[in-house]
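Notes follow the structure.
The values are calculated or read from the model by the stated rules, or taken from the named source; none is laboratory data. Everything numeric in this text was worked out from a predicted model, so none of it was measured. Note: ideal-geometry Cβ built from the backbone for every residue, glycine included; neighbour counts use all protein chains shown.
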Amino acid sequence: MGTSTSRVARERERTAALLRFDLEILDQVHAEAAVRLAGLDEVGRGALAGPVVVGCVRLDLSRPDLLVDSLAGLDDSKRLSPPARERLSARIGAIAPTGVGAASAEEIDRLGIVVATSLAARRALVSLGEPTDLLLLDRGLSPGLGPSGPRETTFTHGDALSLSIAAASVVAKVSRDRWMTRLDRRHPGYALALHKGYGTPLHRAALARLGPSPLHRLSFRRAGER
C-alpha cells in the first residue's frame with residue numbers, strides 16, 4: 001500500500017513539474033493560461049520503414065488540477081511502457097483536442113525527412129481542428145508556416161520538459177505503433193509489429209532476405225547499414 005501510494009505521488013509530482021514548465025512559458029510571453037497553446041512531437045524520424053508521425057495536443061492549462069489528476073504519470077513516451085502509453089493516450093483524448101499527421105515513406109524519399117516531417121506537422125495541426133496561438137515543439141520540429149502561422153517555441157528534449165509536448169509524444173507514438181501493427185499484416189515477413197520499422201537486427205535480416213517493401217524508405221538504406 002505504501003509503495004503504491006508513493007508511486008502515485010511521484011507520478012503526480014512529475015506531471016505537475018511538466019505543467020509548471022508550460023505555465024512558465026505562458027508567463028514569459030505575457031500570456032494568460034487561456035491562450036490557445038498546443039504541443040507537437042514526432043516519432044519515426046529515424047525508422048527504416050513506415051511513416052514519420054507528428055502528434056498535436058491542446059491542453060487546457062487553465063485547469064491544472066484536472067490535468068494533474070487525469071495525466072498523472074505522463075512523461076516522454078520513450079520513458080513509458082506500451083501499456084502506460086495506451087492508457088495515457090486514452091486519458092489525453094478524453095480531456096483534450098488531439099491531432100495526428102503523417103508523411104509516408106514515399107514522401108520521405110521524395111521530399112527528404114526534414115521537409116516530410118514538417119508536412120506531417122502541418123497535417124497534425126489540420127487534424128487538431130482547433131485554432132492555436134502558440135506551439136511548443138521539440139527541437140528540430142516545425143510545421144514551417146512562417147509569419148502566417150502561430151508563434152513557435154522549441155526546446156531540446158522538449159518531451160521531457162513540457163506537459164503539452166509529452167502528451168503529443170504519447171499520442172504520436174501510440175498512433176504510429178498501431179499503424180505499424182496493422183501494416184505488419186499487409187506486409188508479412190518483416191516483423192513490423194515488433195520493431196515498428198526501426199533498424200533492429202531482426203528487421204535488417206528480413207530486409208536482406210526479402211528486399212524492401214513499399215513501406216521502406218529507399219533513401220534510408222545506406223544510413224540503415226551504418
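Assuming residue 45 fulfils every condition listed in (1) touching a residue at least 60 places away in the same chain (Cβ under 8 Å); (2) within 30 Å of residue 219 (Cβ to Cβ); (3) within 13 Å of the chain's Cα centre (by Cα); (4) surrounded by 17 or more Cβ atoms within 10 Å (Cβ to Cβ) apart from one, which condition is it?
Looking at each condition in turn, residue 45 falls short on (4).
Could you list, in sequence order, all residues of region 189-201 that are loosely packed, with under 13 Cβ neighbours inside 10 Å and in a helix (DSSP H, G or I)?
First pass over region 189-201, keeping only residues loosely packed, with under 13 Cβ neighbours inside 10 Å: 189, 201.
201 - this is the single residue of region 189-201 that is loosely packed, with under 13 Cβ neighbours inside 10 Å and in a helix (DSSP H, G or I).
Yes or no: residue 10 basic (Lys, Arg), closer than 30 Å to residue 194 by Cα and either surrounded by fewer than 16 Cβ atoms within 10 Å (Cβ to Cβ) or within 19 Å of the chain's Cα centre (by Cα) (or both)?
The answer is no for residue 10.
Go through 137, 194 for me and flag whichever is without any contact (Cβ under 8 Å) to a residue 12 or more places away in the chain, touching a Ser or Thr at 6+ places or on another chain (Cβ under 9 Å) and not acidic (Asp, Glu). Steps first, answer last, please.
Values: 137 fails: without any contact (Cβ under 8 Å) to a residue 12 or more places away in the chain.
On inspection, the qualifying residue turns out to be 194.
Restricting attention to region 131-148, report how many residues are surrounded by 15 or more Cβ atoms within 10 Å (Cβ to Cβ) and either among the aliphatic types (A, V, I, L, M) or farther than 22 Å from residue 220 by Cβ (or both).
Looking only at that region, the number is 7.
Let me confirm something: among 117, 153, which residue is among the β-branched types (Val, Ile, Thr), under 18 Å from the mean Cα position of the chain (by Cα) and modelled with pLDDT under 95? Working first, answer last.
On the way: 117 fails: modelled with pLDDT under 95.
The unique qualifying residue is 153.
Which ones in region 160-188 are farther than 14 Å from residue 41 by Cβ, in contact (Cβ under 8 Å) with a residue 12 or more places away in the chain and part of a loop (DSSP other than H, G, I, E, B)?
187
Please count how many residues of region 149-188 are of a type in the set (A, V, I, L, M, F, W, C), surrounded by fewer than 23 Cβ atoms within 10 Å (Cβ to Cβ) and within 30 Å of residue 206 (Cβ to Cβ).
Of the residues in region 149-188, 2 are of a type in the set (A, V, I, L, M, F, W, C), surrounded by fewer than 23 Cβ atoms within 10 Å (Cβ to Cβ) and within 30 Å of residue 206 (Cβ to Cβ).
Only one of (1) outside any helix (DSSP H, G or I); (2) in contact with a helix residue (DSSP H, G or I) (Cβ under 7 Å, 6 or more places away or on another chain) is not met by residue 60, so which one is it?
(2) is the only condition that residue 60 fails.
Sort out which residues of region 90-130 are surrounded by fewer than 23 Cβ atoms within 10 Å (Cβ to Cβ) and of a type in the set (S, T, N, Q), and write them in order of number.
Within region 90-130, 104, 118, 127 meet the criteria.
Considering each residue of region 161-194, count those that are farther than 17 Å from residue 59 by Cβ and among the β-branched types (Val, Ile, Thr), and give that number.
1
With over 29 Å from residue 200 (Cβ atoms) and buried (at least 24 other Cβ atoms within 10 Å of the Cβ) as the only criterion, which of 71, 61, 66, 26 stands out?
71
Need the failing condition index for residue 139 against (1) out of contact with any Gly (no Cβ under 9 Å at 6 or more places or on another chain); (2) over 15 Å from residue 77 (Cα atoms), just the number.
Going through the list (1) out of contact with any Gly (no Cβ under 9 Å at 6 or more places or on another chain); (2) over 15 Å from residue 77 (Cα atoms), residue 139 breaks only (1).
Being in a loop (DSSP other than H, G, I, E, B) and either out of contact with any Leu (no Cβ under 7 Å at 6 or more places or on another chain) or modelled with pLDDT of 95 or more (or both) is the filter here; which residues of region 9-30 pass it?
Start the filter on region 9-30 by keeping residues that are in a loop (DSSP other than H, G, I, E, B), which leaves 29-30.
The answer is 30, and nothing else.
Just for region 202-216: of the residues that are in a helix (DSSP H, G or I) and touching a strand residue (DSSP E or B) at 6+ places or on another chain (Cβ under 8 Å), which one is surrounded by the fewest Cβ atoms within 10 Å (Cβ to Cβ)?
So, considering only residues that are in a helix (DSSP H, G or I) and touching a strand residue (DSSP E or B) at 6+ places or on another chain (Cβ under 8 Å), the one surrounded by the fewest Cβ atoms within 10 Å (Cβ to Cβ) is 207.
Please state which one of 93, 158 is closer than 27 Å to residue 71 by Cα and in contact with a Ser or Thr (Cβ under 9 Å, 6 or more places away or on another chain). Lay out the reasoning, then the answer.
On the way: 93 fails: in contact with a Ser or Thr (Cβ under 9 Å, 6 or more places away or on another chain).
After applying the criteria, what remains is 158.
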